[in-house]
1. Just a yes or no: is a residue in the stretch 157-174 surrounded by 21 or more Cβ atoms within 10 Å (Cβ to Cβ), hydrophobic (A, V, I, L, M, F, W, C) and in a helix (DSSP H, G or I)?
2. Could you tell me whether the stretch 305-312 includes any residue that is surrounded by 18 or more Cβ atoms within 10 Å (Cβ to Cβ) and among the aromatic types (Phe, Trp, Tyr)?
3. Residues in the stretch 41-76 that are of a type in the set (A, V, I, L, M), over 12 Å from Leu222 (Cα atoms), in contact (Cβ under 8 Å) with a residue 40 or more places away in the chain and not in a loop (DSSP other than H, G, I, E, B): how many?
4. Quick check on the stretch 75-117: of everything there that is under 17 Å from the mean Cα position of the chain (by Cα) and of a type in the set (S, T, N, Q), which residue is surrounded by the fewest Cβ atoms within 10 Å (Cβ to Cβ)?
5. Taking the condition of being of a type outside the set (Asp, Glu) and either surrounded by fewer than 16 Cβ atoms within 10 Å (Cβ to Cβ) or assigned to a loop (DSSP other than H, G, I, E, B) (or both), how many residues in the stretch 189-228 meet it?
6. Does Arg210 qualify as being over 22 Å from Ile67 (Cβ atoms) and in contact (Cβ under 8 Å) with a residue 12 or more places away in the chain?
7. Counting only residues that are touching a Lys or Arg at 6+ places or on another chain (Cβ under 9 Å) and not in a helix (DSSP H, G or I), which one in the stretch 262-304 is surrounded by the fewest Cβ atoms within 10 Å (Cβ to Cβ)?
Amino acid sequence: MENQKRLRASTLQQFAAFASLILMVILFSILSPYFFSYDNLITVIKQTSVVGIIAIGVTFVIITGGIDLSLGSLVAVSGVVAGFVLAAGAPNIVGILVGAMIGLLCGVISGFLVAFGDLPAFIATLGMMMSARGMSLVLTKGRPVYLAQNKTFNLVYNYNLFKVIPLPVIYLVIIAVLAHFILKRTAIGRYVFATGSNEEAARLSGINVRLVKLVVYSISGLMSGLSGVILVARLNSAQPAIGSGYELDAIAAAVIGGTSLSGGEGQIIGTIIGALIMSTMKNGLNLMHVSQFWQQVIIGVVVIVAVYIDIKRRDTQRP
């Protein structure tokens, strides 16, 4: 009965998020003649793909009741290392794998600190955020790594399948389907929800809670690493400052889509809707020439409102 109530509440929040997205699209289409153009919509979808992949990773973490503040920094350090490998003449697939593995390694370290070091997730990932960002600056000395000799890597981002579907969208769809399958159809998915719902009860029932935490932070790091590689392809260079603020966008996307910061609740489709809302909002505000400073204020308010709604929704579910 309790699970059914949670599912209904989560579905209702996803419906509300989707309705908000539709209203936002209508509003920006009225306010700007450029918003509903084909080129701009493709831009929004591509931007959603990057944020969405990161948000899928952090959804796993939040469902367990944790948090990951290192996402943006992992994007940067993964992209920088991948950039160095590609600039050295390595095949594209090698650069992609190296970048992804750097993100995975950092995620494993964060997960180990949380699960086996008993550090609060906030502290462990905050430390990783600072270390990874610093490492990206140390490696590059604050300068971009250009891929002038690599003429094909930018196709990882800019190529359109059948001349219509951007590759980043394909990546997002594949990852979203896999993530949904893992959460809904596998034992590890059930363990993730159980850990977030009641960690002590999950431990007493025989679930290896420490291993579950290690796995979800590893997934989060891997998703950030892949996103870093995609951004390198977009820019055709590795920028040590890329990914700044992406952790907030990703967490906001997950929460807006119905993932509870209290843990035990969340769905991938809701996270994708949340990512679409974040990208649409930023794009629409840019077209309306709203300054970056005010955009940060608006996004901050949206995050506060989303968390407030989540808290109130949780309160109404309590007996």
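1. yes
2. Taking every residue of the stretch 305-312 in turn, none turns out to be surrounded by 18 or more Cβ atoms within 10 Å (Cβ to Cβ) and among the aromatic types (Phe, Trp, Tyr).
3. 9
4. Ser110
5. Qualifying residue count, the stretch 189-228: 10.
6. no
7. Ser262
Values in this text are rule-based calculations from the coordinates and carry no lab data. Keep in mind that what you see is a predicted model, and the values were worked out from it rather than measured. Reconstructed Cβ throughout: ideal geometry from the backbone, glycine too, with neighbour counts over all protein chains shown.
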